[in-house]
Amino acid sequence: MFDPILHQTIRSKLVSLLISNENLPFKALKESLGVTDGNLSSHLSKLEKEEYVVIEKTFEGKRPKTIVHITPKGREAFALYIEALKKFIEEN
């Protein structure tokens, strides 16, 4: 069975980017995914609720900066999701 949280194009791409980079600024994720601030925030909230990501809010000088980190739980969930996809492809 596919993880319903990850079986959504934007979220699966988002987690894939984080696995490749460990963590990324909000702005870099937004640009890579081609989504709006609100759309990305909505997806991140769902991933954060499942504890797949941690969102860190800091300041760079006087400017706010949001960094998104992948968690061990998020890595494991993504690995299981990829295995489920592979199994589905092999069976069909």
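Table for the structure above
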quantity: Solvent-free Debye scattering, log10 I(q)/I(0), computed from the Cα coordinates of the chain at q = 0.15, 0.20, 0.23 Å⁻¹; calculated: -0.56, -0.92, -1.16
quantity: Candidates per GluC sites (Glu not before Pro) in the stretch 48-92, loop by DSSP, up to 14 other Cβ within 10 Å; calculated: GLU51
quantity: Max mean-square fluctuation residue, GNM over the chain, Cα-Cα springs under 10 Å, options VAL15, VAL54, VAL35; calculated: VAL35
quantity: Computed [θ] at 222 nm, deg cm²/dmol, the chain (DSSP H ≥ 4; -39,500 (n - 2.57); rounded to nearest 500); calculated: -19000 deg cm²/dmol
quantity: Alpha-carbon centroid distance for the pair the stretch 53-92 / the stretch 8-48, whole angstrom; calculated: 8 Å
quantity: Cα-based helix-to-principal-axis angle, 37-49 vs the chain, degrees rounded to 10; calculated: 60 degrees
quantity: Given LYS13/LYS73; LYS27/LYS62; LYS27/LYS86; LYS49/LYS73; LYS49/LYS86; LYS13/LYS86, the pairs whose alpha carbons are separated by over 20 Å; calculated: LYS27/LYS86; LYS49/LYS86
quantity: Selected from THR36, HIS69, PHE2, residue furthest toward positive end of dipole (the chain; charges at beta carbon); calculated: THR36
quantity: Contact order normalised by residue count of the stretch 35-92, Cα under 8 Å, 6+ apart, percent; calculated: 24 percent
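Quick note: the coordinates plus some simple rules give every number you see, no bench work behind them. Predicted model, so just to flag it, every value in this text is computed and none were measured. Positions of Cβ are backbone-derived with ideal geometry, glycine not excepted, and every protein chain shown enters the neighbour counts.
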